[in-house]
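Below you'll find the structure, written out as structure tokens, and then a few comments.
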Amino acid sequence: MPSFSEILSKPTVFADRNVLSPHYVPETLPFREKEIERIMVWLSPALKNERPRNIFIYGKTGTGKTCSVKHVLSKLSQHKSSAFSCYINCRMYNSRYRVIQKITKDLLPSLDSMGFGLAMLYEKMMHSVDFGDAQAGAESGGQAGKRLIVVLDEVDMVKDLDDLLYTLTRCNDELKRGSVSLIGISNKLSFKDQLGQRSKSSLCENEMVFAPYTANQLQSIIAQRAQIGFKPGVVEESAINLAAAITGQDVGDARYALKLLMKAGEIADEKGLSKITDKEVDEARRSVDRDVVFEAISTLPDHQQLVLLAVANLALDKGKNTRLAEAGEEDAQLLISGEVYEEYSKMCRRYRKPRRSARWYREYLNDLEMLGLITTIESGAGMRGRTRLIRIGYPASDVKKIVEKNFQIIESP
DNA sequence: CCTCCACAGGAAGCGCAGGAGT
DNA sequence: ACTCCTGCGCTTCCTGTGGAGG
């Protein structure tokens, strides 16, 4: 029976695991100096007790948007001023009410904001911005009015976004001394189009795009983190290069690169190694990819999982048949939409689920394709009629295992 | 050529849960 | 606490679409 102290005293390659976590904000953000400076310039009016303009930031995941903004905010808070920032992750606070509630809570921590209506929260928020609260008012020598900067991260997750933006921008008409500024962050580039005209013009006073990191940039970012995160000399240079190369292959997502490093470190610890080499990084990549697929599949709605299971089943069957027939045809893996729907219907019966209509099944196929779990092509010549040919995106046996595991819990014999 | 097949995907509408308004 | 409204997941119905077969 191991004790905690035994486990803790095990040798490790890590010096500080936090550094590899995606939430860590490093002292310096390489390759984002320009962006950070622009944000600082845009926010600087707050220090002169003027209203900064609203900012909208796009960029794919892991391009350092959130990190850069947090970095600027922490610098801002070091200055003594009427500026007050409030960071909100809209994945959690995904409606106007919740966002306003969160802002009010941040402004007035003593207040138990549960159970107030929207109007009441709004009043309290406005009052706090306009007059400042007791301590702040005393500190700044009676000069009241806050320069509130609200950061809306993953802003596209908010359901009634137009209402929220309208509410927050209209604040400024009513405020005498303070002001409210917004920083919107989104990873959907197309997101701006689905915004109302007036919210668009208000939110996008200043815009900025964060480009993905290149492989070279990733390499130096990883190297920087590895130096702080691991004990000296643990990570081989070629391992860092490999991690950067793997990550740079699709999109320069720094988070993925860090995940790789973290996992590679864990693998090294598990094996009791004192060095991280290409081998560990490569293993980490497989492991991370497996985790991603597992996560993607098990969080899928039931019927999408059943459709996926149907695809996996047929892919396995077909693989078996063609192997018996000694036919190494490429299109052996291609399944016809209609057959998959029949198999899906069988799966529904097996797991006692009412079957969805064929129309909706097609939508499921589209969703699964979006997630990259399957790929589909239009049937060309040689096929009867017009249909889609489906290919599974990951090894069918793995997919089958994951889905069946998820349904074991639900299934009753 | 026309018809039929086997689908794709748009439009309309339905029932429901949960939030807003009163 | 009550209704009203609205978004969401879904079904039904319908109109393409492109090759196979007569």
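The values are calculated or read from the model by the stated rules, or taken from the named source; none is laboratory data. These figures come from a predicted structure and were not determined experimentally. Note that each Cβ is placed from the backbone with ideal geometry, even for glycine, and that neighbours are counted across all protein chains shown.
Candidates are the residues of segment A:7-65 that are within 30 Å of A:A215 (Cβ to Cβ) and small (G, A, S); the one that is farthest from the chain's Cα centre (by Cα) is A:A15. Looking only at segment A:359-368, how many residues end up being among the hydroxyl-bearing types (S, T, Y) and either part of a loop (DSSP other than H, G, I, E, B) or within 9 Å of DNA strand B (Cβ to nearest atom) (or both)? Result for segment A:359-368: 1. Note down all Cβ pairs under 9 Å where the first residue falls in segment A:364-386 and is at negative phi, the second is part of a loop (DSSP other than H, G, I, E, B) and within 8 Å of DNA strand B (Cβ to nearest atom), and they're at least six residues apart or on different chains. As it stands, the answer is A:E378/A:R386; A:E378/A:T387; A:S379/A:G385; A:S379/A:R386; A:S379/A:T387, since those pairs meet every condition given. For segment A:369-394, the set of residues classified as within 12 Å of DNA strand B (Cβ to nearest atom) and surrounded by 14 or more Cβ atoms within 10 Å (Cβ to Cβ) consists of A:E369, A:I374, A:T376, A:S379, A:T387, A:R388, A:L389, A:I390, listed by residue number. Checking A:Y364, A:Y341 one by one, the residue that is within 16 Å of A:L300 (Cα to Cα), aromatic (F, W, Y), within 16 Å of DNA strand C (Cβ to nearest atom) and modelled with pLDDT of 90 or more is A:Y364 and no other.
For segment A:98-114, the count of residues that are closer than 19 Å to A:L43 by Cβ, polar (S, T, N, Q) and either in a helix (DSSP H, G or I) or within 16 Å of DNA strand C (Cβ to nearest atom) (or both) is zero.
When A:V340 is tested against (1) more than 14 Å from A:L314 (Cα to Cα); (2) within 11 Å of DNA strand B (Cβ to nearest atom), just one condition goes unmet, and that condition is (1).
Can you find, within segment A:5-56, the residue that is surrounded by the most Cβ atoms within 10 Å (Cβ to Cβ) among those that are in contact with a helix residue (DSSP H, G or I) (Cβ under 8 Å, 6 or more places away or on another chain) and among the acidic types (D, E)? Among those residues, the one meeting the criterion is A:E35. Condition check: in contact (Cβ under 8 Å) with a residue 24 or more places away in the chain and either of a type outside the set (F, W, Y) or outside any helix (DSSP H, G or I) (or both). Does A:I7 satisfy that? Judged against the criteria, A:I7 is not a match. Is there any pair linking a residue in segment A:250-263 that is more than 20 Å from A:N18 (Cβ to Cβ) to one that is basic (K, R) and surrounded by fewer than 24 Cβ atoms within 10 Å (Cβ to Cβ), with Cβ under 9 Å and at least six apart or on different chains, and which? Pairs that qualify, where the first residue is more than 20 Å from A:N18 (Cβ to Cβ) and the partner is basic (K, R) and surrounded by fewer than 24 Cβ atoms within 10 Å (Cβ to Cβ), are A:V251/A:K60; A:G252/A:K60. Summed over segment A:70-94, residues that are assigned to a loop (DSSP other than H, G, I, E, B) and touching a Leu at 6+ places or on another chain (Cβ under 8 Å) total 3.
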